[in-house]
């Protein structure tokens, strides 16, 4: 194993530790320093991590889409591992967005779910990520699964863009807090950007961690192939030796 | 045209009579009465706690699963590499 790979777990642990510490600090700021919203009350505190998770989801799925496109044009195991890791972490973030969002909506909109453009598109992008993972894991031939999965993963970036512009383009009940310049209090601004930074750091570390795992699995697959080839070669040699002896 | 005007006048008179009746007035008053719609109280604190718990449980479970899977892969990879090394270096021993 190269020195670079051997150093990776330490760097990964440092990244995960930094992400966790930043998240704890952001949580502390959100709960103990930031005032509750005058209209929505304490439930508004979901906003800080809900939007951070949504940013993470959009970034991961756009990166997964770009990696899938590159891998379709010029297959490369490292790029493929990055794409797979981004899809998985993006899916986890999407699940976070789609569970924290309805809990907030229940209080502020009076309903758990509405089929408004941004929500529907977020559900669509989650379904795309799940479909990519299912396709890749269930394909009879790994290379075919990889190609079809990548072709599907490419769709995630346009959908992510549509999620970003959905409220401006088609309206809906979703508030436009960031684009509308709605965070007035400086404590709230620190809590918001701190949470975004913490979640993105954690997300990046998770992508790196998962990517390393996928690279190990790829290496294992190559070694298994080598081992099978070697065993087959030995078996053939054994057969020919027996033939010569008789 | 004359033939159409007559039924229209009769219909209009019927609607006017219905609208001026006490039953119509009661129905309208009932529709205006919004007291039966009670203000719903949604516990925001609980919703916020559930949201945070789910979010951290999701991220924690994913990180733990990834780390465990990776350590298993590392073990398997080491075993596989060891087997391959033995097979290429000492084919007789590896056979045993």
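Throughout, read-outs are computed from the coordinates displayed, never taken from laboratory work. Since the structure is predicted, the reported quantities are computational estimates derived from the model, not experimental observations. Glycine gets a Cβ as well: all are built from the backbone with ideal geometry, and neighbour counts include every protein chain shown.
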Query raised in the report: Using only the Cα atoms of the range A:92-135, what do you get for the radius of gyration and for Dmax, in Å?
Result: 11.5, 37
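Return B:87, A:127 ranked ascending by Cβ neighbour count within 10 Å, so the fewest neighbours appear first.
Working: B:87 18, A:127 13.
With the fewest neighbours first, B:87, A:127 line up as A:127, B:87.
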Requested in this report: Quantify how strongly other chains surround peptide A:38-44 by giving the mean number of their Cβ atoms within 10 Å of each of its Cβ atoms.
Outcome: 3
Query raised in the report: In whole percent, what relative contact order does chain A give with Cα contacts below 8 Å and a gap of six or more residues?
Result: 31
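Quick one, what does Rg over Rh come out to for the range A:83-160 if you take C-alpha atoms and the Kirkwood Rh? Before the final figure, lay out each step's value.
Details: Rg = 14.5 Å, Rh = 13.5 Å.
Rounded to two decimals, Rg/Rh equals 1.08.
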Query raised in the report: Where the eigenvalues come from the Cα gyration tensor of the range A:125-196, what are the semi-axes √(5λ) of the equivalent ellipsoid, largest first, in whole Å?
Result: 37, 15, 8
Query raised in the report: So what is Rg over Rh here for the range A:97-246, counting just Cα atoms and using Kirkwood for Rh?
Result: 1.25
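Report the convex hull volume per residue for the range A:34-138, counting only C-alpha atoms, in Å³.
Working: hull volume 10.7 nm³, N = 105.
Here the figure is 102 Å³ per residue.
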Query raised in the report: From largest to smallest, what semi-axes in whole angstrom does the range A:1-90 give when each is the square root of 5 times an eigenvalue of its alpha carbon gyration tensor?
Result: 35, 20, 6
